[in-house]
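So the structure is just underneath, and the comments pick up after that.
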Amino acid sequence: MSTTTMTSTVLTALAPPGQPDISYHPDYEKYQARIARRLQEGNLPKSIPEGFPEKLTGDLVWEGQTVADTYNWTYVLSSEHLAEIDRAVTYFKGLGKPLGAISQETFPLPTLHAELRRLSAELHTGHGFFVLRGLKVDDHSREENVIIYAGVSAHVAPQRGRQDHKFNGEKADVVLTHIKDLTSSSTNGLIGSPAYTTDKQVFHTDSGDIVSLMALETSADGGASKLASTWRVYNEIASTRPDLIHTLSEDWDMEVFEKSDISDKPYTKRPLLFHFPATDTKPERIALQYARRYFVGFGALPRNPQIPPITEAQAEALDTLHFLGDKFCVNTDFQKGDIQYINNLAIFHARDGFTDTPEKRRHLLRLWLRDPENAWESPKVLDWRWDQLYKNITPESQVFPLEPYIRSASNKGR
């Protein structure tokens, strides 16, 4: 096997005028200096915002070093399950329907269904993540792997979210995207997200209720998938720096990359952290929705200078989320054929940088999903975003690209 590596240059973005000294790649020394500065300045709130919980409890409060002691997040598919999946592929292909018609009914899994529904409950009321293992991607064509991924996922969460609003220059509901290094292509100068590089992805959330990734291939080295409990990180911040709970739960000027017919605003004001008080039917919850590049830019998409710069408090809060996420995270040991599912409102995630070789290039498929039966309440201020994701999608309108491309929200040429 060749040992020749394929590398990509780390893509940086120019900071807008007035922006604090912060970039996409967190700098621990700058973070510590900012903490010292702000503590010395004083006048920081000493208690958390009124109504917010002092401490969250339950299965969603876990740490990477110990979670494996009480929770086995890997569900290994049996030979009987794999045979059932193969029969479902044959059944769906025999229907002659578009890929957007993939559902629990058109991709029947009579014995695996109950397990997948149980795992959906684990996403929403348990630890917030799990991994399916055992799929043989090399035994199937690219289209068949897409059918398997969408079909199995339909039993976990039946709604697929819109990840792009156009494809090949035409209006489309793109519900499947590819995560792969594209810096060696002619589109290098258009990349505005680390998803299309070998660079690390710092801690963040995606959009919507559930984020799922399927590994068609892993990298030659690196690329670990890291997950962190928002609730564990919340408890740490609430007990040590309650002022940052105020910062995170107040409005931020957040850039909007996802332009569409529903919304073409350049930026929106909203919190990153949301509190949902307990009701007669739902427990108290905290949810996080953010991505660092929306405030500091990345690659070909620097932060828009027309948007007000973030504050020193916000810069510290972004670094705090990242470094606490890194402290408390778990590595899911992502392997070829794995499908990873995470509750995107309760878990935030990151990826280590990686190295590809010509023979072994990391390639993931991604779905944004929702399970109406188990779904958490979504923040009202994000109703417009949930509409972008889930509204007015039909089986006929759904597009499942079989090859990687840079989606509009990460593309300077959009």
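The values are calculated or read from the model by the stated rules, or taken from the named source; none is laboratory data. Source: prediction; values computed, not measured. For neighbour counting, all protein chains shown are included, and Cβ atoms are generated from backbone atoms with ideal geometry for every residue, glycine included.
Among what's in region 142-184 and is more than 11 Å from Gln398 (Cα to Cα) and of a type in the set (Gly, Ala, Ser), pick the residue that is surrounded by the fewest Cβ atoms within 10 Å (Cβ to Cβ). The qualifying residue surrounded by the fewest Cβ atoms within 10 Å (Cβ to Cβ) is Gly169.
Annotation note: of Leu44, Leu60, Leu109, Leu56, the sole residue that is in contact with an Asp or Glu (Cβ under 6 Å, 6 or more places away or on another chain) and within 28 Å of His246 (Cα to Cα) is Leu44. Filter region 151-195 down to residues that are hydroxyl-bearing (Ser, Thr, Tyr) and within 14 Å of the chain's Cα centre (by Cα) and give me whichever is modelled with the highest pLDDT. Taking the candidates together, the pick is Thr177.
Being over 26 Å from Tyr290 (Cβ atoms), touching a residue at least 40 places away in the same chain (Cβ under 8 Å), in contact with a helix residue (DSSP H, G or I) (Cβ under 8 Å, 6 or more places away or on another chain) and not aromatic (Phe, Trp, Tyr) holds for only one residue in Ile191, Ile147, and it is Ile147. Within region 114-141, restricting attention to residues that are over 23 Å from the mean Cα position of the chain (by Cα) and farther than 30 Å from Val61 by Cβ, the residue that is surrounded by the most Cβ atoms within 10 Å (Cβ to Cβ) is His140. The numbered conditions (1) modelled with pLDDT of 95 or more; (2) touching a strand residue (DSSP E or B) at 6+ places or on another chain (Cβ under 7 Å); (3) farther than 25 Å from His349 by Cα; (4) not charged (D, E, K, R) are all true for Ser2 except (1). When region 310-326 is limited to residues that are buried (at least 20 other Cβ atoms within 10 Å of the Cβ) and either charged (D, E, K, R) or at positive phi (or both), the one that is nearest to the chain's Cα centre (by Cα) turns out to be Asp319.
Taking the criterion of being closer than 27 Å to Leu77 by Cβ, of a type in the set (A, V, I, L, M) and in a loop (DSSP other than H, G, I, E, B), would at least one residue in region 378-395 satisfy it? Looking for residues that are closer than 27 Å to Leu77 by Cβ, of a type in the set (A, V, I, L, M) and in a loop (DSSP other than H, G, I, E, B), one finds none in region 378-395, hence no.
Taken residue by residue, region 10-19 has no member that is over 26 Å from Tyr294 (Cβ atoms) and at pLDDT below 95.
Has region 44-65 got any residue that is under 23 Å from Arg160 (Cα atoms), of a type outside the set (A, V, I, L, M, F, W, C), surrounded by 12 or more Cβ atoms within 10 Å (Cβ to Cβ) and more than 22 Å from the chain's Cα centre (by Cα)? No.
Take Tyr290 and tell me if it is of a type in the set (Ser, Thr, Tyr), under 26 Å from Thr183 (Cα atoms) and surrounded by fewer than 23 Cβ atoms within 10 Å (Cβ to Cβ). Yes. With respect to the conditions (1) outside any helix (DSSP H, G or I); (2) under 30 Å from Gln32 (Cβ atoms); (3) within 20 Å of the chain's Cα centre (by Cα), Thr355 lacks only one, and its number is (3). Taking region 358-398, which residues are over 26 Å from Glu255 (Cα atoms) and among the β-branched types (Val, Ile, Thr)? Thr394 - this is the single residue of region 358-398 that is over 26 Å from Glu255 (Cα atoms) and among the β-branched types (Val, Ile, Thr).
Going through (1) more than 19 Å from Ala215 (Cβ to Cβ); (2) without any contact (Cβ under 8 Å) to a residue 12 or more places away in the chain; (3) of a type in the set (D, E, K, R); (4) out of contact with any strand residue (DSSP E or B) (no Cβ under 8 Å at 6 or more places or on another chain) one by one, Asp138 falls short only on (1). One residue stands out among those in region 83-101 that are among the aliphatic types (A, V, I, L, M) and surrounded by 15 or more Cβ atoms within 10 Å (Cβ to Cβ): the one that is farthest from Asp138 (Cα to Cα), which is Ala101. Within region 189-199, identify whether any single residue is surrounded by 22 or more Cβ atoms within 10 Å (Cβ to Cβ), closer than 30 Å to Phe276 by Cα and of a type outside the set (Phe, Trp, Tyr), and answer yes or no. So far as region 189-199 goes, no, none of its residues is surrounded by 22 or more Cβ atoms within 10 Å (Cβ to Cβ), closer than 30 Å to Phe276 by Cα and of a type outside the set (Phe, Trp, Tyr).
Comparison of Glu284, Glu236, Glu217, Glu250 shows that the only residue that is farther than 26 Å from Leu60 by Cβ, at pLDDT 95 or above and surrounded by fewer than 22 Cβ atoms within 10 Å (Cβ to Cβ) is Glu217. Of the residues making up region 317-329, just one is in contact with an Asp or Glu (Cβ under 8 Å, 6 or more places away or on another chain) and aliphatic (A, V, I, L, M), namely Leu324.
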